[in-house]
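Rule-based calculations on the coordinates, nothing more; no lab input. Note that the coordinates shown come from a computational prediction; the quantities given were computed from them, not determined experimentally. Cβ placement follows ideal geometry from the backbone for every residue including glycine, while neighbour counts extend to all protein chains displayed.
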Amino acid sequence: MTAPEIAGAEASGAAAAAPEHLEGRGAWFKKLPVVHQLRQSVGLQRGMLIAGLVLTAGFVLVAVLSPVLAPFGWSQLRDLDGAFGAQQPPSAEHWFGTTVGGYDVLSRVVWGARTALLVVVVAVASSIVVGVLLGLVSGYFGGWLDRMLVVVADAIYAFPSLLLAILLAIVISGGQSSMWGGIFAAALSITVVFVPQYFRVVRAEVVRVKQEAFVDSARVLGTGHWRIMTRHVLRNSTRTLPLIITLNASEAILTLAGLGFLGFGIEPTAAAEWGYDLQRAVADVTSGIWWTALFPGLAIVMAAMGMTLMGESLNDLSDPRLRSRARSRKVAGAVAATSVEADTSVAPVDTAEPKQKGDDA
């Protein structure tokens, strides 16, 4: 083989191996939870998931970058040019106008995203830790402890969630108006509402998983209860938690806004909170001052809608029946587009059997 032929063979071999190498490097990325569901989704499910991801990512970015994006502080009333003024319409100095208290609406909306994100993270993380631990212990051991925890969880779950959050916010806050005190008071009041949901889901999965053969094999081998609970049972009992987390995150934003709207949230001098700003803007709407209520309300709707769309899409994709039905429609459409119609211009072939001699007679 000549030198040019050898070089051409090496180039073709490298070109053929390149896609496999790139595919191997990107395989871990395709297996990520949200990316995997995004590649599985089709049609309306994909549109809902993409819209939810975009809105949620925008909410998180605004919350993280709030010190950079906000033109003023959340409780700032004046700058070098003087006081902002109350109920000023949107202008070049204040893009979203000012509130009845003289605060910049844009700054309050941006800083409110950080407050909402902190409350969501603390509430959901605390709910997961407490709810999963109680559900694991209750479902694995059973007995009188299981019955008692189920009764308590059902009682809390049957109680109106917003009313329970109001009562707990009053008890936990103790009249304090500091930023972190208000955030933890709101987050812990929401946590008590969310714990029964994680408890019931994890308990049901643990009751099912602990009857499997691999759990019995671990018991026969002398494995301790704690190792069986954490290594074998817990790993197979948390598959639906990501779906509940997204839905609970949107509910936490709405609950926080409800607490602030009713006057049980965070004080305006301690931190920015959308529900409080919306409550203060109710009287402005009747006077034709629309900007003080529009932007905080729009922020609540967009943040909650983004997490709800993402959670509903992931919930649909977790159902094999909905996923297979959507994929079958996609495959059927692809097959119909590539089908070939029969050519009727060719004369039909006579397939009649030849007559026998006896038939002519």
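Computed values, structure above
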item: Rg [Å, one decimal], Dmax [Å, integer] - the range 153-299, C-alpha atoms; result: 21.2, 75
item: Values of log10 I(q)/I(0), in the order q = 0.26, 0.33 Å⁻¹, for the range 47-96 under a Debye, Cα-only, solvent-free model; result: -1.01, -1.22
item: Quarter of Cα convex hull surface for the range 215-295, i.e. mean projection, nm²; result: 8.5 nm²
item: Charge dipole (debye, nearest 20) of the range 205-297; +1 at Cβ of Lys and Arg, -1 at Cβ of Asp and Glu; result: 760 debye
item: Cα convex hull volume per residue for the range 193-244 (Å³); result: 68 Å³
item: Positive-end residue of 225, 206, 179, charge dipole of the range 90-244 with Cβ unit charges; result: 225
item: Computed log₁₀ I(q)/I(0) - Debye formula, equal Cα scatterers, no solvent, the range 84-144, q 0.21, 0.29 Å⁻¹; result: -0.81, -1.05
item: Peptides ranked, highest mean first, by Cβ atoms within 10 Å: ranges 304-312, 233-241; result: 304-312, 233-241
item: Cα-based Rg of the range 90-187 normalised by 2.2 N^0.38 Å, two decimals; result: 1.56
item: Calculated over the range 151-216: convex hull of Cα atoms, volume per residue (Å³); result: 98 Å³
